[in-house]
1. If you wrap a convex hull around the alpha carbons of the range 1-97, what volume per residue comes out, as a whole number of Å³?
2. Could you work out the relative contact order of the chain? I mean the mean sequence separation of Cα pairs under 8 Å and 6+ apart, divided by the number of residues, in percent.
3. Calculate the spin-label point distance for Lys42 paired with Trp76, positioning each point 7 Å from the Cα along the beta-carbon direction, and give it in nanometres.
4. Enumerate the residues in the range 62-83 having an amide nitrogen under 18 Å from the point lying 7 Å beyond the Cα of Arg89 toward its Cβ.
5. Rounding to the nearest 10 and keeping the result within 0 to 90°, find how far the Cα-based axis of helix 4-15 lies from the longest principal axis of the chain.
6. Given Cβ point charges of +1 (Lys, Arg) and -1 (Asp, Glu) and nothing else, what value in debye, to the nearest 20, does the dipole of the chain about its Cα centre take?
7. Along Cα→Cβ, 7 Å out, is where each label goes; now give me the distance between the ones at Ser35 and Ala52 in nm to one decimal.
Amino acid sequence: MGDPTRRTIVTTLAERPRSVGELADELPVSRPAVSQHLKVLKDAGLVDETAAGTRRIYRLNPAGVAALRDQLDLFWDRALSGFQDAAERDRPAVPDQHEEQS
């Protein structure tokens, strides 16, 4: 998902399944390049393909996308928790209002 073309392919396939030709028509890369990106996405479990005559139709794999989302959620939970820990550790101590009034 680090490659912008792969992100665009995933976004496009989220709308509806497409063939390599349809994807290539919407991207500034060649059909062979789209096929290579689809292979990477398929190997990662994010995309499935089915035969439709001589064409291959690609669609998102819901299980693969769910696994990716779980990983991203875990990443963000850890990052936000780390940020919260750092912010609380570096926060200056605030005097108790009751102590100041004495």
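Every number here is computed from the coordinates shown, using simple stated rules; none is lab data. Bear in mind that the values here come from a model prediction, so they are computed numbers and not experimental data. Here the Cβ is made from the backbone with ideal geometry for all residues, glycine too, and neighbour counts use every protein chain on show.
1. Cα-based convex hull of the range 1-97, divided per residue, equals 142 Å³.
2. Result for the chain is 22 percent.
3. Between Trp76 and Lys42, the label points sit 3.1 nm apart.
4. Zone members listed by number: 77-83.
5. 80 degrees
6. Working: 14 positive and 17 negative charges, 219 e Å.
Charge dipole, the chain, about its Cα centre: 1060 debye, nearest 20.
7. 1.8 nm
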